[in-house]
Amino acid sequence: MREHEIELRVRYDEVDAMGLVHHSNYLRYFEIGRTELLRASGGCYRDMESAGQWVVVVHVDCRYRKPARYDDVITVRTRIDKVTVGKIVHAYEITCNDETLVTALVTLVVIDQHGSLQRVPEELLELYG
């Protein structure tokens, strides 16, 4: 599976004093989208970690267009943009009522328990290829 969509409701603790989602929370939404894409594809981060492989974010390019607000229902669309033996790039679009709020590209790499770069596991290459 190369694309996944999930709806989330903005919680009170995710907004600032103006009632707008704080920019840092979009990174959490991306994480949820990425995890659910992997799960829907038949993969599991916990299994990868048990095998000594951690997927870590090394770059985020995010464009904030409009804010989400407390109690909004947002849609997080996660798509595999690029997969190589060295990295995975996810593309995101967060919408509310069919209006684009945020777009982003997030680059991930795989490391071992010592922080050394590893090849993207064959299972992920097959799932996302």
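The values are calculated or read from the model by the stated rules, or taken from the named source; none is laboratory data. Note that this is a predicted model, so its numbers are computed, not measured. A quick note on method: Cβ atoms are made from the backbone with ideal geometry, for glycine too, and the neighbour counts reach across all protein chains shown. Each accessible area value is taken on the protein alone, full model and side chains, heavy atoms only, with ligands, DNA and RNA left out. Shrake-Rupley method; radii C 1.70, N 1.55, O 1.52, S 1.80 Å.
A few comments on the model shown:
- Tabulated pairs, the range 82-96, first free of Cβ contacts under 8 Å to residues at least 24 places away in the same chain, second open to solvent by 20 Å² or more (accessible area, probe 1.4 Å) and basic (K, R), C-beta under 7 angstrom, 6+ apart or interchain: V89/K82; A91/R79; E93/R77
- Counting only strands (runs of 3 or more DSSP E) that fall entirely inside the range 1-90 and contain at least 3 residues that are surrounded by fewer than 17 Cβ atoms within 10 Å (Cβ to Cβ) and of a type in the set (D, E), the qualifying elements are 3-9.
- Residue match in the range 34-49 (condition: of a type in the set (F, W, Y), closer than 21 Å to L124 by Cα and touching a helix residue (DSSP H, G or I) at 6+ places or on another chain (Cβ under 7 Å)): yes
- Residues in the range 109-121 that are crowded, with 17+ Cβ neighbours inside 10 Å and either touching a Leu at 6+ places or on another chain (Cβ under 6 Å) or outside any loop (DSSP other than H, G, I, E, B) (or both): V109, V110.
- Set D71, D81, D112: member being of a type in the set (D, E, K, R), on the phi > 0 side of the Ramachandran plot and in contact with a strand residue (DSSP E or B) (Cβ under 9 Å, 6 or more places away or on another chain): D71
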